[in-house]
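The values are calculated or read from the model by the stated rules, or taken from the named source; none is laboratory data. Everything quoted here is computed from the prediction, not taken from an experiment. Just so you know, the surface numbers come from the protein's heavy atoms only, side chains and all, with ligands and any DNA or RNA stripped out. Shrake-Rupley method; radii C 1.70, N 1.55, O 1.52, S 1.80 Å.
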Amino acid sequence: MRHTVPWITQYASPSLIESITYGGHPRAKDPRWRASGAPDQETYGAWCARWCGMASFRMALLARDGTAPSLYELAMGCQEYGAYTDEPGRPRGLIYRPFAEYAQDKHALRADVITDLDPARVMAELDAGRLVIASVHPEIRRPEIDPPGTGGHLVLVTGHANGEVTFHNPSGHTPEAVVATLPMPVFDGFAAQRGISLHL
């Protein structure tokens, strides 16, 4: 099953993703920063690296509704629910359970937190007509290398077939990495086996 889902990047300029992620290009110096909805460049630069979850969520909303709030609006909504925090000892990325509450309350979208997201569970969720936000290592954009770890980045898994899984990567830096299809064992090598199932 494959859902028709648009690709949304967490960065305002897709052409700068490689320079930002590998070349040291300052995130705030993105000429299209206003497209994110951020009020100023400084705010955009501080937030865009954390928006992989918001980009994945925005893709799902666009697939369902054809329209969605900006990345900044979604992030601020999540922050009100405690899904983003800068408190010491708390993750800087998306906190799943408060996000699930926000998705249900503000967007009428049921989101199930899954802590045992192995390949069989991923395929079962997709077969049930859902989309899956999965935690993977950022280097999944270069699957030819050995996984340096698991988790730390969120992608939107949209379908599977013949032992392969397709996902939209908010920080994909090449056409092959933007909407990627990988053998499930390769994908799982980068995956932390936790994530969120979105009931469209």
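Comparing the stretch 38-120 with the 2.2 N^0.38 Å rule of thumb, its C-alpha radius of gyration ratio is 1.12 (two decimals).
In order along the stretch 108-124, the Karplus-derived 3J(HN,Hα) couplings, from 6.51 cos²θ - 1.76 cosθ + 1.60 at θ = phi - 60°, round to 6, 10, 5, 10, 9, 7, 10, 9, 10, 8, 7, x, 4, 5, 4, 5, 5 Hz, and Gly and Pro are given as x. No solvent, one uniform scatterer per C-alpha: report log10 I(q)/I(0) for the stretch 114-182 via the Debye equation at q = 0.15, 0.16 1/Å, two decimals. Normalising to I(0) and taking log10 leaves -0.45, -0.52. Take the Cα radius of gyration of the stretch 10-55 and divide it by 2.2 N^0.38 Å, N being the number of residues; the result is 1.00. Distant-in-sequence amide contacts of ARG194, defined by a placed amide H-H separation under 5 Å and a gap of 5 or more residues or a different chain, comprise LEU117, SER135.
Per residue, the chain exposes 45 Å² of accessible surface when a 1.4 Å probe is rolled over the protein heavy atoms with every protein chain present.
Of the accessible area of the stretch 1-105, computed with a 1.4 Å probe over protein heavy atoms only, carbon and sulfur atoms account for 48 percent.
Kirkwood hydrodynamic radius (Cα pairs, Å) of the chain?
For the chain, inverting the mean 1/r across all distinct Cα pairs yields 16.7 Å.
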